[in-house]
1. When only residues in the stretch 109-143 that are assigned to a loop (DSSP other than H, G, I, E, B) and at pLDDT 85 or above count, which is nearest to residue 195 (Cα to Cα)?
2. Among the residues of the stretch 6-25, which ones are in contact with a helix residue (DSSP H, G or I) (Cβ under 8 Å, 6 or more places away or on another chain) and assigned to a helix (DSSP H, G or I)?
3. Go through the stretch 28-72 and count every residue that is part of a strand (DSSP E or B), surrounded by fewer than 18 Cβ atoms within 10 Å (Cβ to Cβ) and at pLDDT 90 or above.
4. So which residues in the stretch 26-37 are out of contact with any helix residue (DSSP H, G or I) (no Cβ under 9 Å at 6 or more places or on another chain) and under 13 Å from residue 111 (Cα atoms), if there are any at all?
5. Just to verify a result, which residue in the stretch 206-220, among those that are in a loop (DSSP other than H, G, I, E, B) and out of contact with any helix residue (DSSP H, G or I) (no Cβ under 8 Å at 6 or more places or on another chain), is modelled with the lowest pLDDT?
6. Does residue 3 satisfy being in a helix (DSSP H, G or I), farther than 19 Å from residue 109 by Cα and touching a helix residue (DSSP H, G or I) at 6+ places or on another chain (Cβ under 8 Å)?
7. For the stretch 144-170, how many residues are crowded, with 16+ Cβ neighbours inside 10 Å and either without any contact (Cβ under 8 Å) to a residue 40 or more places away in the chain or in a strand (DSSP E or B) (or both)?
């Protein structure tokens, strides 16, 4: 296995890439931790830690294998560690530090970017009159990757007036999410998606003053503050599985991180 670790500087994704993670590995890492925490809360100075399998192509080229471990330490908070383990035929992320949490169901942030505006009444920057800003805005550059906040089904995929290019998803329990002002959409209407699946790229389409993601959450059709919608399901892990995962975690912690190699190939 190969261990990559470092401190966050200019965004978590690009810090992972600078430390040697391939685009696929960085995306898999964000998906893993994004199922447990809000990726937007990982800030400059926080630390990331990941272990992946090494693979070699027939031509002798080193390729990134599956992600085996994902950890993050946020300033002023307890570290989070996740070990991949096969449970009942499925790959699951297990917390080896004592919290027997096998899966959390809920919403995760759809993009790795800072929040620039929250839900509430405000003067619209283009229309110049006061109206409800029905979601939150993430400040991004053009073309940042946008992920599904939870498992669901695509109910809109295309142009929607002032929202520009927009994706809407329907989730369980009457929850809906929407992703607006996209530059490109990669999921068709009616498709099923899993939390963390790529659905599009940020842009500035529609009524927008610059590239960003406008993200809304609805509950039974009513707009709600995305910060308040978080449902969690906890399931106890078999004690023997937990002990084995803890042993694997300790072996990963004994690995020396690579010394900032060139990023691995993408395939």
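The values are calculated or read from the model by the stated rules, or taken from the named source; none is laboratory data. Because the structure is predicted, anything quoted here is derived from the model rather than measured. Cβ: placed from backbone, ideal geometry, glycine included. Neighbour counts: every protein chain shown.
1. First pass over the stretch 109-143, keeping only residues assigned to a loop (DSSP other than H, G, I, E, B): 109-114, 118-119, 124-129, 134-135, 140-143.
Now restrict to residues that are at pLDDT 85 or above: 110-111, 135, 140-143.
Numbers: 110: 9, 111: 12, 135: 19, 140: 20, 141: 23, 142: 22, 143: 20 Å.
Applying the filter and picking the extreme gives 110.
2. The initial filter retains those residues of the stretch 6-25 that are in contact with a helix residue (DSSP H, G or I) (Cβ under 8 Å, 6 or more places away or on another chain), namely 6-9, 12-13, 16-17, 21, 23, 25.
Hits for the stretch 6-25 are 12, 13, 16, 17, 23, 25.
3. Quick first cut of the stretch 28-72, residues part of a strand (DSSP E or B) only: 47-56, 62-72.
Applying the additional criterion that residues be surrounded by fewer than 18 Cβ atoms within 10 Å (Cβ to Cβ) yields 47, 53-56, 62-63, 65-66.
Among the residues that remain, those that are also at pLDDT 90 or above are: 47, 53, 66.
Matching residues across the stretch 28-72 total 3.
4. Of all residues in the stretch 26-37, those out of contact with any helix residue (DSSP H, G or I) (no Cβ under 9 Å at 6 or more places or on another chain) come to 28, 31-32, 34-37.
Listed by number, the residues that qualify are 31, 34, 35, 37.
5. Going residue by residue through the stretch 206-220, those that are in a loop (DSSP other than H, G, I, E, B) are 206-211, 220.
Retained after the next criterion (residues that are out of contact with any helix residue (DSSP H, G or I) (no Cβ under 8 Å at 6 or more places or on another chain)): 208-211.
Details: 208: 88, 209: 85, 210: 90, 211: 93.
Among them, the one singled out is 209.
6. Numbers: in a helix (DSSP H, G or I): no; farther than 19 Å from residue 109 by Cα: yes; touching a helix residue (DSSP H, G or I) at 6+ places or on another chain (Cβ under 8 Å): yes.
Taking the combined requirement at face value, the residue does not satisfy it.
7. The number of residues fulfilling the criteria is 12.
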